[in-house]
Amino acid sequence: MSVAAIVIGRNEGARLIACLDALQGVSPLIYVDSGSTDGSVAAAQARGAQVVALDMSQPFTAARARNAGLAELPVETQLVQFLDGDCVVQEGWLVQAQAFLGAHPDVAVVCGRRREVDPEASVYNSLIDDEWNTPVGEARACGGDALMRVDALRAVGGYRDDLIAGEEPEMCVRLRQAGWRIWRLDAEMTAHDAQITRFGQWWQRTKRAGHAYAEGAALHGAPPERHWVAEKRRAVLWGALGPLAIIVLVLMFGVFGLLAAFVYLLQVARLARRGGLTWAFFSVIGKFAEARGVLGYYWRRISGGQKRLIEYK
């Protein structure tokens, strides 16, 4: 089966060069650039990539960039490896993933283990590295790096251009509804360079996840899918309703109302038994950021405001 690669990026610098170098020999190799000013386009062309310059007069989304690359694939292309420009595909991945799809004609998407290049650089990088470690076997969704069947993608209309987050899980919902399966292999797939070293970056990334929960639930929250309904509810409960209840209790009972805040300490203690204290602490704190994302989504729907990309780098 023929394999192509689509890389999307903006101002990734040396990370893009490493990404494209690891894909030498893959043809076609398509790089979709979203307004880089660091020489990324020239670097991609020097490595034999076909460059697609995304029209930046329209609001940017990763989904729109991936669709732009998909539109450039030759009709006969059977498989495509999607990659973000800050990722490097690991040796042997494409051969193993291609063989798996060849042996499983009902699987549309296959992914593997994505790892952080430097998980020790910050607590946030470490958390993201753990986040990538999803269960092996049949899955409900993939991330931005995956090998996919082109005909399956085209049959469901590709990505939703207007989604600013959560575009792969949403597309996987439509693929599964069409009878396809998603699979994660116990194999090294890509090395990712998050470079999240500040709390503000982590907060923005987590807020984006909350937006994805809200929009995903709005699109596919009805039974039997219930896409991200539970995640949205937890974000609202712990990140919005909980603080509101504490404020009400303080207004009613004064300083004694603050005792209700101990429920968050209890939640940290409960989660720490499952994933450790650091993960538990940031999981609880992250609910406030997720709630901001959820409420921001609904506010834009009510007010008619334009969706804007929630960037963290």
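The rows are residues; the columns are (1) farther than 21 Å from E231 by Cβ; (2) surrounded by fewer than 17 Cβ atoms within 10 Å (Cβ to Cβ); (3) not assigned by TED's automatic domain parsing to the domain that holds G13.
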| site | (1), (2), (3) |
| --- | --- |
| L241 | no, yes, yes |
| A245 | no, yes, yes |
| F253 | yes, yes, yes |
| L265 | yes, yes, yes |
| G286 | no, no, yes |
| L309 | no, yes, yes |
| Y312 | no, no, yes |
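Of the residues that make up region 296-304, is at least one surrounded by fewer than 12 Cβ atoms within 10 Å (Cβ to Cβ), over 30 Å from Q177 (Cβ atoms), in contact with a helix residue (DSSP H, G or I) (Cβ under 9 Å, 6 or more places away or on another chain) and modelled with pLDDT under 95? Taking every residue of region 296-304 in turn, none turns out to be surrounded by fewer than 12 Cβ atoms within 10 Å (Cβ to Cβ), over 30 Å from Q177 (Cβ atoms), in contact with a helix residue (DSSP H, G or I) (Cβ under 9 Å, 6 or more places away or on another chain) and modelled with pLDDT under 95.
Counting the residues of region 10-25 that are surrounded by fewer than 21 Cβ atoms within 10 Å (Cβ to Cβ), of a type outside the set (D, E, K, R) and part of a helix (DSSP H, G or I) gives 3. For H211, the conditions (1) farther than 24 Å from I285 by Cα; (2) out of contact with any strand residue (DSSP E or B) (no Cβ under 9 Å at 6 or more places or on another chain) are fulfilled apart from (1).
Note on region 152-198: among residues that are in contact with a strand residue (DSSP E or B) (Cβ under 8 Å, 6 or more places away or on another chain) and among the small types (G, A, S), the one that is farthest from V123 (Cα to Cα) is A152.
Residue by residue, here is whether (1) assigned to a helix (DSSP H, G or I); (2) over 29 Å from R176 (Cβ atoms); (3) over 21 Å from the mean Cα position of the chain (by Cα) holds:
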residue	(1), (2), (3)
A222	no, no, yes
A230	yes, no, no
R234	yes, no, no
L244	yes, yes, yes
V250	yes, yes, yes
G257	yes, yes, yes
R270	yes, yes, yes
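Scan region 72-79 and give yes if some residue there is over 22 Å from M171 (Cβ atoms) and touching a strand residue (DSSP E or B) at 6+ places or on another chain (Cβ under 9 Å), otherwise no. No: region 72-79 contains no residue that is over 22 Å from M171 (Cβ atoms) and touching a strand residue (DSSP E or B) at 6+ places or on another chain (Cβ under 9 Å). List every residue pair whose Cβ atoms lie under 9 Å apart, where the two residues are 6 or more positions apart in sequence or sit on different chains, the first residue falls within region 141-153 and is under 16 Å from G69 (Cβ atoms) and touching a residue at least 60 places away in the same chain (Cβ under 8 Å), and the second residue, located anywhere, is crowded, with 20+ Cβ neighbours inside 10 Å and among the polar types (S, T, N, Q). Correct list of pairs: D145/Q81; D145/T190; A146/Q81; L147/Q81; M148/Q81.
Taking the criterion of being within 18 Å of the chain's Cα centre (by Cα) and without any contact (Cβ under 8 Å) to a residue 24 or more places away in the chain, no residue of region 292-313 qualifies.
For every residue, the table says whether it meets (1) closer than 23 Å to F199 by Cα; (2) charged (D, E, K, R); (3) in contact (Cβ under 8 Å) with a residue 60 or more places away in the chain.
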{"site": "A235", "(1), (2), (3)": "yes, no, no"}
{"site": "I246", "(1), (2), (3)": "no, no, no"}
{"site": "M252", "(1), (2), (3)": "no, no, no"}
{"site": "Q267", "(1), (2), (3)": "yes, no, no"}
{"site": "L271", "(1), (2), (3)": "yes, no, no"}
{"site": "I285", "(1), (2), (3)": "yes, no, no"}
{"site": "E290", "(1), (2), (3)": "yes, yes, yes"}
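Residues in region 26-67 that are of a type in the set (K, R) and either in a helix (DSSP H, G or I) or touching a strand residue (DSSP E or B) at 6+ places or on another chain (Cβ under 7 Å) (or both): R64, R66. The residue pairs whose first member lies in region 81-105 and is within 16 Å of V150 (Cβ to Cβ), whose second member is in a helix (DSSP H, G or I) and charged (D, E, K, R), and whose beta carbons are closer than 8 Å, counting only pairs six or more residues apart or on different chains, are F82/R66.
The values are calculated or read from the model by the stated rules, or taken from the named source; none is laboratory data. None of these values were measured; they are calculated from a predicted model. Virtual Cβ from ideal backbone geometry, glycine too; neighbours counted across all protein chains shown.
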